[in-house]
Amino acid sequence: MKQEFSSSDTSLNPWYTFDNFVVDDRNRFAAEMAKAVAQASGNSFSPLFIYGKTGVGKTHLMHAIGLYIMEHFPKLSVLYVSAEKFTDVFFNAAIHKKMKAFRGRYQNADVLLIDDIQCISEKTKTVEEVFNTFEALYNTGKLMVFASTLLPKEILGIDERLRSRLGMGMLVEIKPPSYKVKVAILKNKAAHDKVQESDGLSEAIAFIAEHINNNVQALESDFNRVVFYAKITDTPITKALAEEVLKDEIYLTRSLSGEYDKVVEKFMQANPNIVIVEPKGFDECPKLADTLKRGMPVIINLENVENDTARKIFAFLSGVAYGLNGNVQKLAQNIFTFLPENNDEGLDEEE
């Protein structure tokens, strides 16, 4: 497929503004730095590197920077792209001999925002292209912002030159939101989506904020589920409705936040040779598959892996486990056991 390049193709979400970003002590410095970078619009803080767990607001701040600059500095070209899309467009350009247009687009941008930069791990050609793009923009005084679930020094599979460049600017962390912030996020979303205010809505929001995990994307998704169910059943939004719609999710979240260590301990008692792994990317799958093929049970924690990558890892390992007549069991949100060779020991079924 022919690749077209446009400096106006930013893919920014208009909802992700600074005004709509709920601030508290866990993300205040990151929010202030992001706004300072946007207001300066130059290389004073370049590169800015925002890191934190999945779903804590990194992408929101990236979009907010881009939106602010586009509004206040309309002559500047702003490009926002995920690392995976950058990789796809790069390889497509190489295949179709469009590298001059590709480099003209990315290396001449005034502002380049790359999300999930950890996803270029082990992609040698992409790593080299990101490095070259970085050098071109840095040497011409342009602004670069990166977001990642890992610090630069923690990203494996990239060369030391790029790791050093990514860490040479300001590093800011976003921590998971507090209960108070989660409530504020859902209230903002309810207002934006024109959900009718009521005591029941307030109670439902408080309930969701208390019981759903610290991933803001998951939080908003579960709120959407409750609102959608209320609409299609013509039912008022209440705490009881939220509890009914989200009962399975709430159980899993409780397991993750309060009982996960006990769950793991129980599995380890039943399976002394169990392996606990937290892969950082899909490239680790072959090694994990070899572990399964040796008959070793595995607990895999995909909490800190981006959603698309987590789904790919899960699908791959599930196929391996099933091919070995094994069993896959969900322990908690994004945490699974892979038990090969009909190894069904572990958690008893909940009554």
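With part of a helix (DSSP H, G or I) and either of a type in the set (F, W, Y) or surrounded by 14 or more Cβ atoms within 10 Å (Cβ to Cβ) (or both) as the only criterion, which of Y68, Y80 stands out? Break it down stepwise before answering.
Details: Y80 fails: part of a helix (DSSP H, G or I).
The match here is Y68.
Among the residues of region 168-203, those identified as surrounded by fewer than 15 Cβ atoms within 10 Å (Cβ to Cβ) and not in a helix (DSSP H, G or I) are M168, D193, K194, Q196, E197, S198. Remark: pairs (first residue in region 211-240, under 13 Å from A190 (Cβ atoms); second residue of a type in the set (G, A, S) and part of a loop (DSSP other than H, G, I, E, B); Cβ separation under 6 Å; 6+ apart in sequence or on different chains) are absent.
Looking at region 29-73, which of the residues that are more than 26 Å from L186 (Cα to Cα) and of a type in the set (S, T, Y) is nearest to the chain's Cα centre (by Cα)? Going through the qualifying residues, I end up with S46. If the condition is being among the hydroxyl-bearing types (S, T, Y), crowded, with 19+ Cβ neighbours inside 10 Å and over 23 Å from the mean Cα position of the chain (by Cα), then region 131-167 contributes only T133. So which residues in region 207-240 are of a type in the set (K, R) and out of contact with any Asp or Glu (no Cβ under 6 Å at 6 or more places or on another chain)? Scanning region 207-240 gives R225, K231. Within region 56-79, residues that are under 18 Å from G141 (Cβ atoms) and touching a residue at least 24 places away in the same chain (Cβ under 8 Å) reach partners that are outside any loop (DSSP other than H, G, I, E, B) and open to solvent by 40 Å² or more (accessible area, probe 1.4 Å) with beta carbons closer than 7 Å, at six or more positions or on different chains, in the pairs V78/M70.
Does S198 satisfy being modelled with pLDDT under 90, within 20 Å of the chain's Cα centre (by Cα) and of a type in the set (S, T, Y)?
Answer is no for this residue.
Go through the residues of region 37-53 one by one and say whether even a single one is outside any loop (DSSP other than H, G, I, E, B), open to solvent by 10 Å² or more (accessible area, probe 1.4 Å) and not aromatic (F, W, Y). Looking for residues that are outside any loop (DSSP other than H, G, I, E, B), open to solvent by 10 Å² or more (accessible area, probe 1.4 Å) and not aromatic (F, W, Y), one finds at least one in region 37-53, hence yes.
The values are calculated or read from the model by the stated rules, or taken from the named source; none is laboratory data. Quantities reported herein were computed from a predicted structural model and do not represent experimental measurements. Methodologically, a virtual Cβ is constructed for each residue, glycine included, from the backbone with ideal geometry; neighbour enumeration extends over all protein chains shown. Side chains are part of the model used for accessible areas, which takes the heavy atoms of the whole protein and leaves out ligands, DNA and RNA. Shrake-Rupley method; radii C 1.70, N 1.55, O 1.52, S 1.80 Å.
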